[in-house]
Every structure is written in C-alpha cells, then in structure tokens.
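One structure is given here, and the rest of the page talks about it.
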Amino acid sequence: MLIVNGLYKTFNSGTCNQKEALINTSIHVRQGDFISIIGGNGAGKSTLLNCIAGVYPIDRGSIVIENTDVTNLPEHKRATVLGRVFQDPMMGTASNMGIEENLALAYRRGKKRGLSWGISNKERSLYKEQLKTLGLGLEERMTTKVGLLSNGQRQALTLLMATLKKPKLLLLDEHTAALDPKTAKKVLEITDQIIKEHNLTAMMVTHNMRDAIKHGNRLIMMHEGQIILDINGEDKKKLTVEALLDRFGKVSGEEFANDRALLS
Amino acid sequence: MLQIITGAISLGLLWAIMTIGVYITYRILNIADLTVEGSITMGAAIAAKALTGGVNPYLAIILAFFGGMLAGLFTGILHTKLKIPALLSGILTMIALYSVNLRIMGTSNLSLIRAETVYMPFQAMGLNQNNAAIVVGLICVSILVAILYWFFGTEIGSVIRATGNNPHMVRAQGVNTDLTIVIGLVLSNGLVAVSGGLIAQSQRFADIQMGTGSIVIGLASVIIGEVLFSRNGFLSKLISLVLGAVIYRVIIAFVLKLGMPANDLKLFTAITVAIALALPIFKEYLQTLKKSSMGVD
C-alpha cells in the first residue's frame, strides 16, 4: 500500500540549528493497517507524516503509494489519494466558509474543478447524512461558518472531510492533542468508527501511550528520527503501557522521558 | 452643489470596479497587492493609446482588461513561482509598469479631447457628462457584481475563497494554491485596469501619475463599505464595496468643498484608512471598557 524507503530529512541543514528529523526511515504499510505512531518530542513522527503528504521535500529516499512513486509529486497532487487531519484544529478547515462549503471543497478532492456551481442540492442531503453520523448536531447547522465551531467539532468535521472521498491513506497528525480529554475521546471514537466503516488504511500520530495501544492493529515507536519498534497483531493486542516503556528502554537504552505521554 | 454630488457619484462608480479588484486580493486572497497602482494606470494608458489610434472605445476597455490581467499574472509568477513575498512582488510589478506605461503612451500625459468614448452614446441621448458616466458606471458595476457573484460560487471560485482563508486546507484538498493565487491576482488586476480605462475615458486624459495612491483609495473604499454596510452573504458584500467607493468620493468632494487644499488629499486619505484599519482595535478597547463597567453591578 505505502512503501517508504530510506527516508532522510534534515531541517536547517548547515546551520547551528541543524536537526536530523528522519534518518534512514523505512516502513511498509499494508492495506487495511491502522498504525498508531508514538514517540517523544522531536522523534520525527510528524515529520514522517508531512514527508508522506509532501509538505516538505525529502533529502533522500523514496515514497511509493500503491505502485505510484510520489517522491517528487507536489503536496496538492498527493492530496488526491490522501486524507489528512492536523494537530491544529484551525488547519483543516476554512473558517470563513460554511460547514457545507467546506464539505463541498473536500468532496471534490481529486476531481477537476470547473465553473459549475460549488455545491449542489443533491450533495447537501449527502452531507447532512454524513454529519449525522458524527452525532454532534452539525447537520442542523450546515451553513454555519466553521470559525464558530468548537475545536472538537472542527476536528470531527475535518475528519469527515478527509474521508468524504475515500482516501487510499488517512494521515492523522496528533489530531486530538489540542482537545480536552473528553472531546479527544469523542474524536477518537469517531476516528475508529470512520476507519472501520470505510475499511481505511490509516496512520495516526499520538503522544498518548494509552491511545496508541488502544487504537489500531499496529504500533510504531519512533526515536531520534528512526523507527525503533514495530509491533503487530497479537503482540499489539497484549501490549500494556509498562511493557511498551520497558521495550522502549531496551531498544533505545534510555528512559522514555516525556511527561505528556506518560501523564495523559 | 448637485453637480459636485453627481460628479462624485460618477467617479465613485468608476472607481468601484477598482475597489472590487482590491477586495479580491486584499480580502479574498488575503494579500495586499500593490500591483494595482501600476495596473490602473496601465488600463488608462492602453485605453488612451487605443482611442487615439481610432480603436472602438469598448474594445479599448477590453484591451485594458487584458493588459491588467497580464500585470496580475506577472505579480502572480513572481510571488508563487519565484517565492518573492506578495507585497514585494506587487511593488516590483508596479515599478516595472511605470516604464511600461510610459512606453505604451509614449508620453507622460495623453489627451483624449477629440477621441470617441464609451460615454458619448449616452451624452448623445441628452445626458450631461456626469450622468452619462453614472449610467455607464452603473451598467458596468451591475454586470460585474453579477458575474463575480456567480464566479465565486463556482468550484474554482470556492477554492480561491478558501485559499485566502486557509491555504493548507486547500492543498490538502488537492488544489494547487499557486494557481488559485495567480487566478485571483489576474482577475483583480484586470478589473483594476478596466477601471483605469473607464476613468481615462471619463476625464479625457491618461496620466502616468494617476495610479499613485490608488491602493489606499481602494482600501479606503473597501473599509468604508464594510464598516457601513457590513452584511453576511457575498452579494451584499459586493454591493457594499460599490457603495463604499461612492461614499468615499462623496466624502472627498465635501472636504474639498469645505476648503481643504487638493494637495492634502492623499494625506487625508491615508489618515482615514489608518483610522479605519485600526477600528477593530478601538472597538475591542471600547468593549473591554463596557464589560468592566458592567461588571460592577
């Protein structure tokens, strides 16, 4: 499905702020995988997702999505097969535009946009139906400007937008990190529901160990720009926070020093 | 007095087209595009040169439109492909256009006293110069508002609106934001040039200096329109721009009538715009004052 091979990415190369964010990172994502990615600050989790999405050009390596080499494709071209939700709830939606307008923009992902009307009545009923599945009452507020929604509502909407046109790969970049615990839980539930319903392949970056263990069929831990753990299937199901910390210590030779991941 | 007002209204309507162009970049794309200072003159220069060459006055406006679009395209390429900041890209094009416009006109001031204009058919019907300009202005503005209302509701128009609002989101939805920015700049400067062409035909000359400060006039009109007639909905926004442009001209006509020297006009406009841009801050300040006084009881 997705093959990332030997990825290198260095930020601020040649300056005193040089940061090797990804060092020879490789991963093979299989069809139907729901991978949670965990790691400390600066481990390279978000960088990996952003490199896959084409936000940054990479220094070396290759990225292949379903037999198409996308390594040199610009962000907007890759977007046709990707669904993305960001950490910042403001990033995924256009705040000055209505809920239905945002959905209409997302509904046309991968299609050529022309001079026909930006939203049709037929679509409206589809959006209404889809919004109902979120269980947030947004279906009654179709023309409300997205800027008036709460962060949780915006993330749920972004999630819907990312999956309205079924993506080959769903990239969730700490999409619950900016939410309060209750809202985060709700958005994660919606995430699970949508991924299951559409049988999506997904990669979810999180800071929260419990969430990483609870969700998905595969868990990847990153450390200093490399993937140090890749836990699958039955092993993943039996995983506990203690076991994960233990394995982290063995592989990296360090304590997992990240309050945010441990306390939450 | 009546003549001053009709003069102001006619001028306002012609500048309204320019105002709508400024709105497209300033509000929709979220870019302060200084290209307009050059493209309004370019529109005037192209129209004037065409008219002195005996070209049909309507065709002259269309030529101006294309000239302006080219200017917008140039700025767009500087900004999106060469990654020069938008403000600087606009300034570069503006400066370049100064020379280009001189080349087009061949002189710094081109008189159109004997040329045929778009206003003449209406003057032939018995309207005076101001009223003819009002009629032409109203027709142009109405057509323009209708077309833009349609355009910004289409699929392409929607992504242009979204681009100014959140380019990340637009790229994530598979749209090349470089392209949407360029389309916006092209359209905006095309309209600004049309405005320049109509103004030149109305005042019967084109001058190399006529664009100086036009961005501030455009912004002033946008802000006046928004402050006085701020409504939801795109159509009412477009109409408020037209009203803003007209009211700006009426205000200017009055302050001139009250004895302000014409030389101080640009200073006056700049101060007005600065105050208007700062209005949200003043409002916020007033609201916190209100809140704290209400908190007492």
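Brief remarks follow.
- Hey, A:K132 assigned to a helix (DSSP H, G or I), in contact with a helix residue (DSSP H, G or I) (Cβ under 6 Å, 6 or more places away or on another chain) and of a type in the set (D, E, K, R) or not: yes
- If you go through segment B:150-162 and keep only what is more than 7 Å from every other protein chain (Cβ to nearest Cβ) and either closer than 18 Å to A:A79 by Cα or touching a His at 6+ places or on another chain (Cβ under 7 Å) (or both), you end up with just B:I160.
- Residues of segment A:181-202 that are of a type in the set (A, V, I, L, M, F, W, C) and farther than 20 Å from A:L138 by Cβ: A:L200, A:A202.
- For segment A:80-101, the tally of residues that are facing another protein chain (nearest Cβ under 7 Å), assigned to a loop (DSSP other than H, G, I, E, B) and buried (at least 24 other Cβ atoms within 10 Å of the Cβ) stands at 3.
- Within segment A:142-187, considering residues that are among the β-branched types (V, I, T) and in contact with a helix residue (DSSP H, G or I) (Cβ under 8 Å, 6 or more places away or on another chain), the one modelled with the lowest pLDDT: A:T183
- Top-ranked residue of segment B:241-259 - restricted to ones that are buried (at least 19 other Cβ atoms within 10 Å of the Cβ) and among the β-branched types (V, I, T), ranked as modelled with the lowest pLDDT: B:I252
- Taking (1) open to solvent by 50 Å² or more (accessible area, probe 1.4 Å); (2) within 14 Å of chain A (Cβ to nearest Cβ); (3) of a type in the set (S, T, N, Q) in turn, B:N165 satisfies each apart from (1).
- Taken residue by residue, segment B:212-225 has at least one member that is in contact with a Lys or Arg (Cβ under 6 Å, 6 or more places away or on another chain), of a type outside the set (S, T, Y) and over 19 Å from B:I9 (Cα atoms).
- Some residue of segment B:265-272 being in contact with a Gly (Cβ under 6 Å, 6 or more places away or on another chain) and closer than 22 Å to B:A32 by Cβ: yes
- Subset of segment B:50-68 (residues that are without any contact (Cβ under 8 Å) to a residue 12 or more places away in the chain and either of a type in the set (V, I, T) or buried (at least 17 other Cβ atoms within 10 Å of the Cβ) (or both)): B:V55, B:I62
- Of all residues making up segment B:69-86, the number that are over 18 Å from B:L191 (Cα atoms) and open to solvent by less than 70 Å² (accessible area, probe 1.4 Å): 5
- Criterion applied to A:K165, A:K122, A:K145 was being away from chain B (no Cβ under 14 Å) and open to solvent by 10 Å² or more (accessible area, probe 1.4 Å), and the one residue passing it is A:K122.
- Single residue of segment A:105-119 satisfying the filter (crowded, with 17+ Cβ neighbours inside 10 Å and more than 7 Å from every other protein chain (Cβ to nearest Cβ)) that is farthest from B:R161 (Cα to Cα): A:Y107
- Number of positions in segment B:87-112 that are open to solvent by less than 20 Å² (accessible area, probe 1.4 Å), of a type in the set (A, V, I, L, M) and within 21 Å of the chain's Cα centre (by Cα): 1
- Count of segment B:1-49 residues which are in contact with a Cys (Cβ under 7 Å, 6 or more places away or on another chain) and open to solvent by 10 Å² or more (accessible area, probe 1.4 Å): 0
- Given (1) free of Cβ contacts under 8 Å to residues at least 40 places away in the same chain; (2) touching a Pro at 6+ places or on another chain (Cβ under 9 Å), number of the condition A:R78 does not satisfy: (2)
- Scanning segment B:219-232 turns up at least one residue that is surrounded by fewer than 18 Cβ atoms within 10 Å (Cβ to Cβ), modelled with pLDDT under 95 and within 30 Å of A:A162 (Cβ to Cβ).
- Residue match in segment B:242-261 (condition: touching a Phe, Trp or Tyr at 6+ places or on another chain (Cβ under 8 Å) and among the charged types (D, E, K, R)): yes
- Restricting attention to segment A:47-79, the residues that are in a helix (DSSP H, G or I), within 13 Å of chain B (Cβ to nearest Cβ) and more than 12 Å from A:K168 (Cβ to Cβ) total 6.
- Note on segment A:150-264: enclosed strands (runs of 3 or more DSSP E) holding 1 or more residues that are more than 15 Å from the chain's Cα centre (by Cα) are A:218-223, A:226-232.
The values are calculated or read from the model by the stated rules, or taken from the named source; none is laboratory data. As the structure is a computational prediction, the values presented were derived from the model and not from experiment. Positions of Cβ are generated from backbone atoms using ideal geometry, with glycine treated the same way; all protein chains shown enter the neighbour counts. Protein only, heavy atoms only, side chains kept; ligands, DNA and RNA dropped before computing areas. Shrake-Rupley method; radii C 1.70, N 1.55, O 1.52, S 1.80 Å.
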